[in-house]
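Participant: A single structure is presented below for examination.
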Amino acid sequence: MTAFKEGDPTTLGRLYGRTKGHRLRPGQQQLLDDMYPALAVPEEGPVTSQELFGENRPLHFEVGFGGGEHLAYRADLLPDHGFIGAEPFVNGVVSALQHIRDDRLPNVRLHMGDALEVLERVPDAALSFLYLLHPDPWPKARHSKRRMMNPGPLDLFARKLKPGGIFRLATDHPVYCRWSLMQMAGREDFEWMGERPRDFRDAPGGWPLTRYAEKALREGRELWFFQYRRTDSGTP
Ligand SMILES: C[S@@+](CC[C@H](N)C(=O)[O-])C[C@H]1O[C@@H](n2cnc3c(N)ncnc32)[C@H](O)[C@@H]1O
């Protein structure tokens, strides 16, 4: 399932964390049954804009969309673009379906499961945007290999973004913030798009706060925003 070597620090091929929360209410189960099959990314084969939307559109991919509010916001903002969101947590998928229904968004497809498995099937250099917002921090050092911000997933992100494509990352966890800076520091395939340290603290335009970001603010924690451009270096 993964193209990565044994021993690479990656989260590939394993899903950590929960996939079920509160039992779905009958209405939520109905929504899942009614809407998800038509919007689901096919289980096999290449994941292309043509396959999903019947035409070539700029493609966006959100890893771990949580409740789907950011995915829906972006899809509404950019109706001619195609959006793929992956989230293993069934309650999150139901919440995203509610946004898609209520906001009448025809340009979103979902995968209930591991984002990296679907991302592997996206053609190289096909993505215009990739979002990783408030990934699970796995703050204990012994769990650091579970973090998304590790060489395996980052190599995959780089491979799937086109040159000039944008990678957006947010975190509210100081350990994860430092770790992410370390992971990105030595990479030639991404360049930071900010100009001054302050740019880590202010979300660029068109970047709404997610549920986790709002929760962090309510609890008095700080937020960090990272925006990188995919360079030509190591282009597939
Ligand atoms: C801390 S939550 C953040 C959710 C959302 N992005 C937000 O900012 O509100 C992290 C999310 O990543 C999801 N996740 C963890 N591993 C994942 C994977 N391999 N593929 C897709 N999503 C994943 C979790 O289920 C969880 O919903």
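Participant: Sorted by average packing, counted as other Cβ atoms within 10 angstrom per residue and highest first, what order do 182-189, 72-79 take?
Facilitator: On the way: 182-189: 13.6, 72-79: 17.5.
Ranked from most to least packed, the peptides come out as 72-79, 182-189.
Participant: Return the FRET efficiency for the residue pair E55, W192: r is the Cβ-Cβ distance, R0 is 45 Å, and the value is rounded to the nearest 0.05. Could the numbers behind the result be given before it?
Facilitator: Details: r = 33 Å, r/R0 = 0.73.
FRET efficiency, E55 to W192: 0.85.
Participant: Tell me the carbon and sulfur percent of the accessible area for segment 35-230, rounded to whole percent, probe radius 1.4 Å.
Facilitator: Working: 4350 of 8530 Å².
Taking all protein chains in place, segment 35-230 shows 51 percent carbon and sulfur surface.
Participant: What shape does segment 64-114 take by its C-alpha gyration tensor, where a ≥ b ≥ c are the square roots of the eigenvalues and a/c under 1.5 counts as rounded, a/b above b/c as prolate, and the rest as oblate? Please list the in-between numbers first.
Facilitator: Values: a/c = 2.11, a/b = 1.54, b/c = 1.36.
Prolate is the answer for segment 64-114, as a/c is 1.5 or above and a/b outweighs b/c.
Participant: When a/c is below 1.5 the answer is rounded, else prolate if a/b is larger than b/c, else oblate, so apply that to the chain with a ≥ b ≥ c taken from the square roots of the Cα gyration tensor eigenvalues. Show your work: numbers first, answer last.
Facilitator: Working: a/c = 1.37, a/b = 1.22, b/c = 1.13.
Note, shape of the chain comes out rounded.
Participant: Expressed as a rounded percentage, what relative contact order does the chain have, with Cα pairs under 8 Å and six or more residues apart?
Facilitator: Numbers: 418 pairs, mean separation 50.1, N = 236.
So the answer I get is 21 percent.
Participant: Taking square-rooted eigenvalues a ≥ b ≥ c of the alpha carbon gyration tensor, is segment 97-177 rounded, prolate or oblate, where a/c under 1.5 means rounded and, failing that, a/b exceeding b/c means prolate?
Facilitator: Details: a/c = 1.94, a/b = 1.34, b/c = 1.45.
In terms of gyration-tensor shape, oblate.
Participant: So in the chain, what percent of DSSP beta bridges are antiparallel if you round to the nearest 5?
Facilitator: So the antiparallel bridges amount to about 30 percent of the total.
Participant: So, in nm, how far is label T48 from label R23 when the simple model puts each one 7 Å beyond its Cα toward the Cβ?
Facilitator: Between T48 and R23, the simple spin-label model gives 4.5 nm.
Participant: Taking H placed 1.01 Å from N in the peptide plane, check which residues at least 5 places from R109 or on another chain put their amide H under 5 Å from its amide H.
Facilitator: Here the answer is F83, I84, G85, since their amide H atoms fall under 5 Å of that of R109.
Participant: Of the listed peptides 143-152, 162-171, 98-107, 37-46, what is their order by residue-averaged count of other C-beta atoms within 10 Å, with the highest listed first?
Facilitator: On the way: 143-152: 18.4, 162-171: 20.5, 98-107: 15.0, 37-46: 11.8.
Output ranking for 143-152, 162-171, 98-107, 37-46: 162-171, 143-152, 98-107, 37-46.
The values are calculated or read from the model by the stated rules, or taken from the named source; none is laboratory data. All values derive from a computational prediction rather than experimental measurement. FYI the Cβ positions are ideal-geometry reconstructions off the backbone, even for glycines, and counts take in every protein chain you see. Side chains included, ligands, DNA and RNA excluded: accessible areas come from the protein's heavy atoms. Shrake-Rupley method; radii C 1.70, N 1.55, O 1.52, S 1.80 Å.
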